[in-house]
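The values are calculated or read from the model by the stated rules, or taken from the named source; none is laboratory data. Owing to the predicted nature of the structure, the values given are computational and were not obtained by experimental measurement. All Cβ positions, glycine included, derive from the backbone under ideal geometry; neighbour counts span all protein chains shown.
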Amino acid sequence: MRRAAIALLLALSAVVLTAPVASAHSELLSTSPARDGVLAEPPTEVVLTFSTAVQSTGAAVVVTTADGTRLDDGPVTRDGARMIQRVKAGSGAVDVRWRAVSEDGHQLTGTFGYQVGAPSGDSAAATTPAPVSAAQAPAERPPAAESSPLYRRLLGPAALVIAGLVLAIVAWRSGKHSKTNEPVSKEPQS
């Protein structure tokens, strides 16, 4: 019994320690235009790039100006891990709200904004970098708050290791107490 428990523990440890961390949920990796970017010219499309492919069902991108005017033009298209929304020309502060569904069915949502043209006000113009064209705007990774925390990725493997250790301890203790030092008689009883 003890050998079986040790073999089981070793097999379980080998599986857990050699298996890659499963992360089926997709994460937003970058946006174009970049989050909080300042553009000289309005973009023709908004592109969201995810870590894995997303479903076309349930995908939505709503692009609005500060006064609530909708700039999104037509349906969202999907190209593997990218969602693409055509947009009409607009100026000033632009808000992008999006929703996507990863291949495993997990719903993702988020928002970001960008600026078309120089911001209004002298103080804002002094602290804002010079506008760049939409083609030159660098894509950037969103804040870490939108990605899955590391503890969620390690929770499953940690639970398996703990369960394996508990099983091994229980098997070892039960084997230790059930042993006797009395020889087994081979004589048939009458």
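Looking at Arg2 and the list (1) modelled with pLDDT of 80 or more; (2) touching a Phe, Trp or Tyr at 6+ places or on another chain (Cβ under 7 Å), which single condition is not satisfied?
Arg2 satisfies every listed condition except (1).
Which residues, counting only those in the range 83-107, are more than 12 Å from Glu45 (Cα to Cα) and surrounded by fewer than 19 Cβ atoms within 10 Å (Cβ to Cβ)?
Within the range 83-107, Ser91, Gly92, Ala93, Asp95, Arg97, Arg99, Val101, Glu103, Asp104, Gly105, His106, Gln107 qualify.
Check Pro131 against each of (1) in contact with a Gly (Cβ under 9 Å, 6 or more places away or on another chain); (2) at pLDDT below 70; (3) over 21 Å from Arg35 (Cβ atoms) and name the one condition it does not meet.
Among (1) in contact with a Gly (Cβ under 9 Å, 6 or more places away or on another chain); (2) at pLDDT below 70; (3) over 21 Å from Arg35 (Cβ atoms), the lone unmet condition for Pro131 is (3).
Take Glu41 and decide whether it is of a type in the set (D, E, K, R) and within 26 Å of the chain's Cα centre (by Cα).
No; evaluated as a whole, the condition is false for this residue.
Got a sec? Which strands (runs of 3 or more DSSP E) wholly within the range 54-117 have at least 3 residues that are touching a Gly at 6+ places or on another chain (Cβ under 8 Å) and not β-branched (Val, Ile, Thr)?
Result: 92-102, 107-116.
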